[in-house]
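Each value in this text was obtained by applying a stated rule to the coordinates, not by laboratory testing. Here the structure is a predicted model, which is why all the values come from computation and not from measurement. Every residue, glycine as well, gets a Cβ built from its backbone with ideal geometry; the counts of neighbours run over all protein chains shown.
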Amino acid sequence: MKQKLKSLDIHTLYEIDQKRLAIDLGCQLHQLQARVTVGGLIEVIRQYHQIILYTVDECWCVQLFEHDEATNDAESCCYEDSGTELIELLYTTMEWIYDRLNDN
């Protein structure tokens with residue numbers, strides 16, 4: 001199955017999340033569009049959680065676990081989502097992480 005990745009349009013993220021992502025990627029906000037990659041998003045997610053990323057049929061699936069939790073125990077998953085577009089799924093996951101950080 002071939003799936004084209006959508007372009008990495010950071011403007012789909014809230015401005016506050018864009019600022020935090022720029023910090024996490026070690027760049028200025030105006031450099032973010034040029035610096036963000038799928039690999040970079042996954043690396044940022046890994047800073048905050050263990051991640052399992054897999055596919056089922058036409059969908060991408062992501063599960064997040066706390067760093068001190070076993071990833072083979074599905075009940076310890078703290079976040080789970082799926083979608084047909086990898087980029088949208090990663091952005092949604094980043095927003096969840098940043099929302100959770102802002103709540104703490």
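For this structure, a couple of remarks:
- Lys/Arg +1, Asp/Glu -1 at C-beta; the chain dipole; positive extreme among 59, 29, 14: 29
- Note on residue 28 and residue 43: the extension gain reaches 3.6 nm, defined as 0.36 nm multiplied by sequence separation minus the Cα-Cα distance.
- Sorting the segments 59-66, 82-89 by their mean number of nearby beta carbons within 10 angstrom, highest to lowest, gives 59-66, 82-89.
- Applying 1/(1 + (r/R0)^6) with r as the Cβ-Cβ distance of residue 58 and residue 35 and R0 = 30 angstrom yields a FRET efficiency of 0.55.
- Estimated from helices alone, the mean residue ellipticity of the chain at 222 nm is -13000 deg cm²/dmol (sum of -39500 (n - 2.57) over DSSP H runs with n ≥ 4, per residue).
- Intensity falloff of the chain expressed as log10 I(q)/I(0), Debye formula with alpha-carbon point scatterers, at q = 0.12, 0.14, 0.21, 0.23 Å⁻¹: -0.40, -0.55, -1.16, -1.33
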